[in-house]
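Structure first, commentary second.
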Amino acid sequence: MKTASLFLAAAILFAKTAPAQAPPQPADHDHSQMHAAPTNLKVLPKTLTGDQVHELMEGWEAALGAHCSTCHTANPNNIGPNGRPRLNYADDSKPEKATARLMYKMTQDINENYVSMVPNSQFPVTCGTCHRGHLGPEPFVAPPEHHDATPTAAPATPPK
């Protein structure tokens, strides 16, 4: 649990240091319900407050270039003041929410079992490490100068 707390603190720090350009807020981003106590935490520590979960989720939104509605379903029985359905944060019916939980566990594993073993590793792996503001991470393409480089052969040893 100590490592999970460390990862959570790093994730919250990442959320606070995310780029100033946050994604535009969609119309379904209802702030009146955002800080309610969480009721369905399965991978995050159950001791988190609504404010802590909200802060963490905002960081994930920025890192993924996503919106709350990417993982959370609209509740047609709970209409907000803007006339649109509020989101049901506890509902697990969207596959994206299961994927987010899996990816969170993956980053925890990487940080606990690999990054923590690297001397002087100061930065944990976060959603933004791979996603960099895109819901589907873009594949890495090495710069052209690295593709065409051929290894230099060792100098030949003169015969004796």
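Computed from the coordinates by the stated procedures, all read-outs in this text should not be read as laboratory data. Keep in mind that what you see is a predicted model, and the values were worked out from it rather than measured. Glycine also receives a Cβ, built like all others from the backbone with ideal geometry; neighbour counts cover every protein chain displayed.
Rounded, prolate or oblate, given the Cα gyration tensor of the range 62-105, with a/c below 1.5 counting as rounded? It comes out oblate by the Cα gyration axes.
Under 1.5 on a/c is rounded, so check that first for the range 83-131, then, if it is not, pick prolate when a/b is larger than b/c and oblate when it is not; a ≥ b ≥ c are the square roots of the alpha carbon gyration tensor eigenvalues. Judged from the Cα gyration tensor, the range 83-131 comes out prolate (a/c at least 1.5, a/b above b/c). Placing pseudo-labels 7 Å out from each Cα toward the beta carbon at K105 and T39 gives an inter-label distance of 2.4 nm. Projected onto the charge dipole of the range 28-120 (+1 at Lys/Arg Cβ, -1 at Asp/Glu Cβ, origin at the Cα centre), which of P119, S93, P45 gives the Cα projection farthest towards the positive end? Highest projection toward the positive end goes to S93.
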